[in-house]
Amino acid sequence: MREIDAEQIASTVARLCVEANRELPADVTEALAAAGMAEPWAPARDMLDILSRNAVIARETAMPVCQDTGMAVVFAEVGQDLHIAGSFEEAVHEGVRRGYTEGWLRKSVVGDPLERKNTGDNTPAVLHTRLVPGDRLTLTVAPKGFGSENMSRLKMLVPAQGVEGVRAFLMETVRLAGANPCPPMIIGMGIGGDFEMVAELAKRALLEPLDQRNPDPRYAALETAWLEEINGLGIGPQGLGGRTTCLGLHILTMATHIAGLPVAVNISCHVTRHKTAVI
Amino acid sequence: MEKRLSTPLSQEDVRSLRAGDRVLLSGTVYTARDAAHLRMMACIEQNRPLPFELEGQVIYYAGPTPTPPGRVIGSIGPTTSTRMDAATPALLARGLRGMIGKGSRGAAVLEAMEQYGAVYFAAVGGAAALMAQCVTGCEVIAWDDLGPESVKRLTLRDLPLIVAADAYGADAFAQGQQAYLQSVEARKTTGEPG
């Protein structure tokens, strides 16, 4: 059986936290550039240009793209033939602690939601772990800012509401978000599952490459149509008007109960950061 | 065309601005966000002094990343302003003349801005590494225990801003979105390509 040390996990998570925060994924920078070309409204083009320049400055000066370096959301796929020497979960939190401290990232986590004292090291992480075949460990760090997270919503629709109910809930969520989540947004949607799974689906949908559509043509068509509808709302970059309200929308689905139609809309901004490593 | 402004802001400065104007702001501003606003409200309730004199001043709703060695400040951009709405009218009544943040404000804030004469600027959310280059000084002046939420005195040089709401009740978000949608309609009518 293959064995790795927990320390290797901690150092990998630390590196991913720093890299994710300083460099936007290529699909996002490409989407920003493409949106600038397609944007008919001059003030909106100026805004998109500032965001593109900011991404370059962040990379060149080794500074975070956004001051909200987020809560560290970590997705782990643990090969079932892998043995980890030491505590896996402790190693993930230690990696976040190290990455946020040594990488000069903002500590944005309070230890108790009501008492609200800052933990000082951005721990704990939000950790999603899956057991998969093989002997590898895949780690994805996706720091999530709360300007956009706060605008996210979840609703338990009833089956009779169908696809139109899902569409209406999405559009209502985007309108309510308005200028607050620093548009252009990136949107992850979950449909199906149960109460907690639909939220996780929406979060995972934010990791999907912006230039790829859902493999199911029905959902691919919905992604394209709903993105187009959102970009007709007029909210625009920063909410100051324009076409570019949303750079990308992904849907992930799961089987659900005969009585329910859960839907979750996880709003993110153009700073939809994620970085993956395989150990 | 941008207007250059320096803090502290006078009533005349504020009255000269209209929603949608572009401004380059220089001078001293103070950072305060959620936790600092709660503490400022407690100060007001208990008749204790605030960490800085409000008259003519500007609050920046921001919590920068830690300052790396050799730099003035870390990345700094605006946080969502509406979370500070509940505290804002009381601060405006005590002389606060400007705010920098992102997103729309509630009706009570817009009314208080008209009543007391104040301006709300939008900074570009998410452009934090770029805007760090407009900060030439940073010093924690109160509530260091709040970490990223402490009150800091910043010195700005030409921070690019948009007047998001002016002292006359106008709102650049509503105006901008409406103007864009009208331009789309106009293009449809004339058959020009979008």
Just one listed residue, out of A:Thr256, A:Thr272, is within 14 Å of chain B (Cβ to nearest Cβ), at pLDDT 95 or above and in contact with a strand residue (DSSP E or B) (Cβ under 6 Å, 6 or more places away or on another chain), and it is A:Thr272
Looking for whichever is within 13 Å of chain B (Cβ to nearest Cβ), under 21 Å from A:Ala72 (Cβ atoms) and either in a loop (DSSP other than H, G, I, E, B) or of a type in the set (Val, Ile, Thr) (or both) here; the options are A:Pro181, A:Pro143. Which one fits?
-> A:Pro181
Any chance segment A:107-115 includes a residue that's more than 9 Å from every other protein chain (Cβ to nearest Cβ), in contact with a strand residue (DSSP E or B) (Cβ under 9 Å, 6 or more places away or on another chain) and under 16 Å from A:Ser11 (Cβ atoms)?
-> no
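To keep it simple, each residue is scored yes or no on (1) more than 13 Å from chain A (Cβ to nearest Cβ); (2) touching a residue at least 60 places away in the same chain (Cβ under 8 Å); (3) not acidic (Asp, Glu).
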position	(1), (2), (3)
B:Phe121	no, yes, yes
B:Ala132	no, yes, yes
B:Val140	yes, no, yes
B:Lys152	no, yes, yes
B:Gln175	no, yes, yes
B:Tyr180	no, no, yes
Among the residues of segment B:21-53, count how many are in contact with a strand residue (DSSP E or B) (Cβ under 9 Å, 6 or more places away or on another chain) and farther than 17 Å from B:Ala86 by Cβ.
-> 13
Got a sec? Which of A:Ile50, A:Ile9 is assigned by TED's automatic domain parsing to the domain that holds A:Glu90 and not aromatic (Phe, Trp, Tyr)?
-> A:Ile9
Qualifying residue in segment A:227-248 (condition: charged (D, E, K, R), touching an Asp or Glu at 6+ places or on another chain (Cβ under 8 Å), more than 23 Å from A:Gln67 (Cα to Cα) and surrounded by fewer than 20 Cβ atoms within 10 Å (Cβ to Cβ)) | no
Residue by residue through segment A:56-83, note down the ones that are within 14 Å of chain B (Cβ to nearest Cβ), among the polar types (S, T, N, Q) and surrounded by fewer than 19 Cβ atoms within 10 Å (Cβ to Cβ).
-> A:Thr61
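The values are calculated or read from the model by the stated rules, or taken from the named source; none is laboratory data. Note that this is a predicted model, so its numbers are computed, not measured. Neighbour counts are summed over all protein chains in view; Cβ atoms, including those assigned to glycine, are modelled from backbone coordinates with ideal geometry.
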